[in-house]
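The values are calculated or read from the model by the stated rules, or taken from the named source; none is laboratory data. Bear in mind the structure is a predicted one, so any value in this text is a computation, not a measurement. Backbone-built Cβ (ideal geometry, glycine too); neighbour counts: all protein chains shown.
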Amino acid sequence: MSKHIAWLDAARIIAIFGMILIHVTAPVFADNLSDFYVKIVSYLSPLVFPVYFMHLLVIAILSSGILGFSLDQFSIHPLMGILLLSMATFIVSFILAAIASKIPFISKLIG
């Protein structure tokens, strides 16, 4: 078996284990959530689908150097580059989705 196929199998096993873990523990923690976390999740939930549409564009912009810097796994150590690119993409995508949700025409377009 090649390394690539073995990695895909390991990734699938980890994903399945994570889904089972969330399914089992969610009812236990659902009653103990504070109002603060409920408000945050309630605000971010409708923005997830627009973030899904925007994240590839955000990754392309952040890693291309258009903004005067390049943020990718090749500009610095790969571990830090991937981590920074992931976090920056997450934050920028949610900010752009929140702004887009306030514009009447665009909010209907992206959901």
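Table for the structure above
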{"quantity": "Check on I91, closer than 25 Å to L47 by Cα and either of a type in the set (D, E) or under 17 Å from the mean Cα position of the chain (by Cα) (or both)", "calculated": "yes"}
{"quantity": "Pairs, first free of Cβ contacts under 8 Å to residues at least 40 places away in the same chain in the range 83-108, second exposed (fewer than 12 other Cβ atoms within 10 Å of the Cβ) and charged (D, E, K, R), C-beta under 6 Å, six or more apart", "calculated": "none"}
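For every residue, the table says whether it meets (1) exposed (fewer than 10 other Cβ atoms within 10 Å of the Cβ); (2) over 20 Å from S101 (Cα atoms); (3) at pLDDT below 85.
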| residue | (1), (2), (3) |
| --- | --- |
| G18 | no, yes, yes |
| V24 | yes, yes, yes |
| D35 | yes, yes, yes |
| K39 | no, no, no |
| S45 | yes, no, no |
| V48 | no, no, no |
| V51 | no, no, no |
